[in-house]
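Written below as structure tokens is the structure these notes are about.
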Amino acid sequence: MEGSISSWDVVIVGGGLTGLRAALQVSRAGLAVAVISKVHPLRSHSVAAQGGMNAALGNVKGEDGAEDSWESHAFDTVKGADFLADQDAVALMCREAPATVIGLEHLGTAWSRLPDGKIAQRPFGGAGFPRTCYAEDRTGHHVLHTLFQQVLGRDIPVFGEYFVTSLVVDGGRCTGCTALEIMTGTVHGFRARATLLATGGFGRIFSRSTNALINTGDGMALAFRAGAPLKDMEFVQFHPTTLFGTNILISEAARGEGGTLVNRDGERFMARYAPRAMELAPRDVVARAIAEEIAAGRGFDGGYVHLDLRHLGPGVIGERLPGIRQIAMDFSGVDPVTEPIPVQPGQHYSMGGIGVDIGGRSALPGLFAAW
Ligand SMILES: Cc1cc2nc3c(=O)[nH]c(=O)nc-3n(C[C@H](O)[C@H](O)[C@H](O)COP(=O)(O)OP(=O)(O)OC[C@H]3O[C@@H](n4cnc5c(N)ncnc54)[C@H](O)[C@@H]3O)c2cc1C
């Protein structure tokens, strides 16, 4: 088959939450945009996101009736990052988060609800308020389907199962990319005034990871080979609770709803590491605590601890954590209603990547990145 060359204002590599949301915005601006994804967009790893999205909507009051604010969200984020985060970027994210969640609602996302009809929010690690907006424990699934429907509704061309193999650089500027059509083996050229890499993380370089097999850091490699520097690659997040043996994520929502961590001596050991926040300390604190318990011989054979949800009862588990229950039963033969879940830490999130400014511009003109 003969390859083709097409021209666009903007080419977006990635059909996950980042790529599809960006495509909608570019299309709304009246520009010609195409999305390229090496898998069908609905198979992008975003579909696996479980627990929810932080935004200071203030729908649920904090302790003493205090109301959440974007400033509190920003403070918690900077503190949770041990003061290493880019504070301008944190401020932007926290200020825009409420409008983003409500915008996703207007596009059709079926957020879980409070009895008064407002978007539900629950506590998450490192957060001073119940701030996490969620759609059961399948938030990524709901939001990704919403965005994909919107992309289809606007007739945005999506090149699914096209694998981008290189960026094209001409005169010191990124002018598009080449992609292999997986079904036929044909190579196509995509010319673009701007190219956005929304290609997700590189979790699969670790043996224990919550990430899908497709999370191989392609975008970072593409950018690096084209001359755009990478940044903060050593900042890799390890999630405290992945299912022992498979490392499928057991969402923090399970602890947000009241799940407790217990070692082989039956001790709720977080009391020793974070007596105030307990299981809802920031992820690095909880992951290190579990690793320490296991290293000290207080884990179960093979290297895990227990996440106990039994006291929540079948009602809360069925209504707010149905996906977690299903995962535990299908992949571990454990029903969290009657037994604790065996968990261990695993790689979860790639915080570093292509170096960009607050507007997503990389050092290579014409090349942008977001995640
Ligand atoms: C199990 C799990 C649960 C999570 N839960 C939450 C949560 O509750 N809340 C939260 O905020 N975050 C959560 N996260 C993180 C969140 O899911 C990610 O930050 C987010 O989904 C990333 O979206 P993305 O669009 O940037 O990347 P992805 O969804 O990974 O999409 C990457 C896209 O790039 C495409 N691509 C990659 N390489 C190429 C290539 N060479 N050619 C063509 N296309 C390519 C892929 O096909 C895909 O479409 C979770 C992560 C995991 C692993």
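The values are calculated or read from the model by the stated rules, or taken from the named source; none is laboratory data. Note that the structure is predicted; figures quoted are calculated from it, not measured. Cβ placement follows ideal geometry from the backbone for every residue including glycine, while neighbour counts extend to all protein chains displayed. Areas reflect the complete protein model, heavy atoms only, side chains present, ligands, DNA and RNA absent. Shrake-Rupley method; radii C 1.70, N 1.55, O 1.52, S 1.80 Å.
Data overview
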quantity	calculated
Scope the stretch 233-243; condition within 17 Å of N215 (Cβ to Cβ) and either of a type in the set (D, E) or within 14 Å of the ligand (Cβ to nearest atom) (or both); matching residues	F235, V236, Q237, F238, H239, T242
Complete set of residues in the stretch 114-133 that are part of a loop (DSSP other than H, G, I, E, B) and basic (K, R)	K118, R131
For L249: the one exception among (1) of a type outside the set (D, E, K, R); (2) over 23 Å from F331 (Cα atoms); (3) touching a helix residue (DSSP H, G or I) at 6+ places or on another chain (Cβ under 9 Å)	(2)
Candidate set: the stretch 176-186, residues that are open to solvent by 50 Å² or more (accessible area, probe 1.4 Å) and either within 8 Å of the ligand (Cβ to nearest atom) or touching a residue at least 40 places away in the same chain (Cβ under 8 Å) (or both); chosen: the one nearest to T241 (Cα to Cα)	I182
Number of the condition not met by A110 [criteria: (1) more than 13 Å from the ligand (Cβ to nearest atom); (2) within 23 Å of the chain's Cα centre (by Cα); (3) over 21 Å from L321 (Cβ atoms); (4) open to solvent by 40 Å² or more (accessible area, probe 1.4 Å)]	(3)
Qualifying residue in the stretch 165-175 (condition: under 21 Å from V13 (Cα atoms), at pLDDT 95 or above and open to solvent by less than 30 Å² (accessible area, probe 1.4 Å))	yes
Number of positions in the stretch 130-145 that are touching an Asp or Glu at 6+ places or on another chain (Cβ under 9 Å) and open to solvent by 30 Å² or more (accessible area, probe 1.4 Å)	2
Number of the condition not met by L84 [criteria: (1) open to solvent by less than 40 Å² (accessible area, probe 1.4 Å); (2) among the aliphatic types (A, V, I, L, M); (3) more than 16 Å from the ligand (Cβ to nearest atom)]	(1)
Which listed residue is closer than 15 Å to G346 by Cα, touching a residue at least 12 places away in the same chain (Cβ under 8 Å) and of a type in the set (A, V, I, L, M, F, W, C), from L249, L261	L249
Residue in the stretch 187-200 that is part of a helix (DSSP H, G or I) and either within 16 Å of the ligand (Cβ to nearest atom) or more than 22 Å from the chain's Cα centre (by Cα) (or both) present	no
Residue among T210, T246 that is out of contact with any strand residue (DSSP E or B) (no Cβ under 7 Å at 6 or more places or on another chain), polar (S, T, N, Q) and either farther than 22 Å from S362 by Cβ or more than 11 Å from the ligand (Cβ to nearest atom) (or both)	T246
Test set (1) closer than 27 Å to F235 by Cβ; (2) open to solvent by less than 50 Å² (accessible area, probe 1.4 Å); (3) at pLDDT 95 or above; (4) within 14 Å of the ligand (Cβ to nearest atom) - F124 fails condition number	(3)
Extreme residue, farthest from the ligand (Cβ to nearest atom), among residues of the stretch 345-367 that are more than 19 Å from the chain's Cα centre (by Cα) and not in a loop (DSSP other than H, G, I, E, B)	R361
Single unsatisfied condition, D64 versus (1) surrounded by fewer than 19 Cβ atoms within 10 Å (Cβ to Cβ); (2) within 20 Å of the chain's Cα centre (by Cα); (3) free of Cβ contacts under 8 Å to residues at least 24 places away in the same chain	(2)
Residues satisfying the stated conditions in the stretch 4-55, i.e. open to solvent by 40 Å² or more (accessible area, probe 1.4 Å) and more than 23 Å from the chain's Cα centre (by Cα)	S4, I5, S7, W8, R28, A29, G30, L31, A32
Verdict on S69 being closer than 30 Å to P275 by Cβ, hydroxyl-bearing (S, T, Y) and at pLDDT 95 or above	yes
